[in-house]
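**Student:** Have a look at the structure that comes next, please.
The values are calculated or read from the model by the stated rules, or taken from the named source; none is laboratory data. What you are looking at is a predicted structure, and each value in this text was computed from that prediction instead of being measured. Don't worry about glycine lacking a Cβ; one is built from the backbone with ideal geometry, like all the others, and counts go over all protein chains shown.
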């Protein structure tokens, strides 16, 4: 009897410890969410999001590609803007620039790391994530899996009855979905802040997007809307039958020879925060830009069509 009692107590202790760890992680996520855009905490955490939030991983390529080193350039002391000369070093400091990488004709011409701490350090991309989603949509179009002139609800029935009901994918890509949306980061009750809170307090990104209502006729006004990108991630996953992480790993991350693992922040349902949750190194981010400079062709292979 004593033996079984001890075993039972041991199980209770283990469960209690597990719950305590989980509770602390949730508290850390909530605390970080409150300081996402202010204070020193953001600089201390932007390079370790995978420790704070649940993530999925795009593993480094088995055949990593490294940019060639070109002749190093120096930054100009200033640049003209709005009728004034702006001091470059002061500008970089005042804008909290985390890294500055200049690639010219496929060569690294300038590379400086400030807040990131080095070229091998991942950093939260914020809206650069949107470019990866859009490129993934383009590849899926090339694969014959998506027709951008069709309604997004043909592929994602879960958006029926929402702002996206019967809206052309082309309009969602151009952020002219017509969905009512407030992207004011200074307003804690704005749509973008309510969407972002899901990552801190839990919930479903997909379900949130499905609650949005229509404000105007689709295709009539280009209005910046992060939820449009989240809707496109839903489309990409449904059309390909794969998660965003898996599809982009297969079609972008590995073919481009990404040198480091990258992380997608995910919600409670393992759905990627497509509008701003990718974490990668500056050099790996730069490879997507280089791909588009080369009109979709990478080392002799057409990754995404020029169109």
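**Student:** So which residues in segment 68-110 are surrounded by 12 or more Cβ atoms within 10 Å (Cβ to Cβ) and in contact (Cβ under 8 Å) with a residue 40 or more places away in the chain?
**Tutor:** Within segment 68-110, 98, 99, 101, 103, 107, 108 meet the criteria.
**Student:** Would you point out the residue of segment 187-211, among those that are out of contact with any helix residue (DSSP H, G or I) (no Cβ under 6 Å at 6 or more places or on another chain), assigned to a loop (DSSP other than H, G, I, E, B) and touching a residue at least 40 places away in the same chain (Cβ under 8 Å), that is nearest to residue 53 (Cα to Cα)?
**Tutor:** So the residue we want is 202.
**Student:** So, in segment 123-154, how many residues would count as being crowded, with 21+ Cβ neighbours inside 10 Å, at pLDDT 95 or above, touching a strand residue (DSSP E or B) at 6+ places or on another chain (Cβ under 7 Å) and over 19 Å from residue 246 (Cβ atoms)?
**Tutor:** Total meeting the criteria: 0.
**Student:** Need at least 1 residues that are within 22 Å of residue 248 (Cβ to Cβ) per element, so show me which strands (runs of 3 or more DSSP E) inside segment 75-163 make the cut, counting only ones lying wholly within it.
**Tutor:** Working: elements: 78-81, 84-87, 99-104, 107-113.
In segment 75-163, the matching strands (runs of 3 or more DSSP E) lie at 99-104.
The rows are residues; the columns are (1) under 26 Å from residue 156 (Cβ atoms); (2) out of contact with any strand residue (DSSP E or B) (no Cβ under 6 Å at 6 or more places or on another chain); (3) surrounded by 15 or more Cβ atoms within 10 Å (Cβ to Cβ).
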| site | (1), (2), (3) |
| --- | --- |
| 197 | yes, yes, yes |
| 218 | yes, yes, yes |
| 224 | yes, yes, no |
| 228 | yes, yes, yes |
| 266 | yes, no, yes |
| 274 | yes, yes, yes |
| 287 | no, yes, yes |
| 300 | no, yes, no |
| 307 | yes, yes, no |
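**Student:** Condition check: within 20 Å of residue 266 (Cβ to Cβ) and in the same structural domain as residue 229 (by the TED database). Does residue 176 satisfy that?
**Tutor:** no
**Student:** Let me ask something else about it. Sort out which residues of segment 212-234 are within 11 Å of residue 180 (Cβ to Cβ) and without any contact (Cβ under 8 Å) to a residue 40 or more places away in the chain, and write them in order of number.
**Tutor:** 216
**Student:** Can you tell me which condition residue 177 does not meet? The list is (1) crowded, with 22+ Cβ neighbours inside 10 Å; (2) in contact with a helix residue (DSSP H, G or I) (Cβ under 6 Å, 6 or more places away or on another chain); (3) not in a loop (DSSP other than H, G, I, E, B), and all the others hold.
**Tutor:** Condition (3) is where residue 177 drops out.
**Student:** Same structure, new question: When only residues in segment 35-59 that are in contact with a helix residue (DSSP H, G or I) (Cβ under 8 Å, 6 or more places away or on another chain) and either part of a helix (DSSP H, G or I) or at pLDDT 95 or above (or both) count, which is farthest from residue 185 (Cα to Cα)?
**Tutor:** Our first condition is that a residue be in contact with a helix residue (DSSP H, G or I) (Cβ under 8 Å, 6 or more places away or on another chain); within segment 35-59, this holds for 35-36, 41, 45, 52-53, 55-59.
Filter again for either part of a helix (DSSP H, G or I) or at pLDDT 95 or above (or both), leaving 41, 45, 52, 55-59.
Values: 41: 17, 45: 19, 52: 21, 55: 23, 56: 26, 57: 27, 58: 28, 59: 32 Å.
Only one residue tops the list, namely 59.
**Student:** Looking at segment 199-216, which of the residues that are within 19 Å of the chain's Cα centre (by Cα) and crowded, with 22+ Cβ neighbours inside 10 Å is modelled with the lowest pLDDT?
**Tutor:** If we take residues in segment 199-216 being within 19 Å of the chain's Cα centre (by Cα) and crowded, with 22+ Cβ neighbours inside 10 Å, then 199 is modelled with the lowest pLDDT.
**Student:** For residue 244, state whether it is crowded, with 21+ Cβ neighbours inside 10 Å, in contact (Cβ under 8 Å) with a residue 40 or more places away in the chain and in contact with a strand residue (DSSP E or B) (Cβ under 6 Å, 6 or more places away or on another chain).
**Tutor:** Against the criterion (crowded, with 21+ Cβ neighbours inside 10 Å, in contact (Cβ under 8 Å) with a residue 40 or more places away in the chain and in contact with a strand residue (DSSP E or B) (Cβ under 6 Å, 6 or more places away or on another chain)), residue 244 qualifies.
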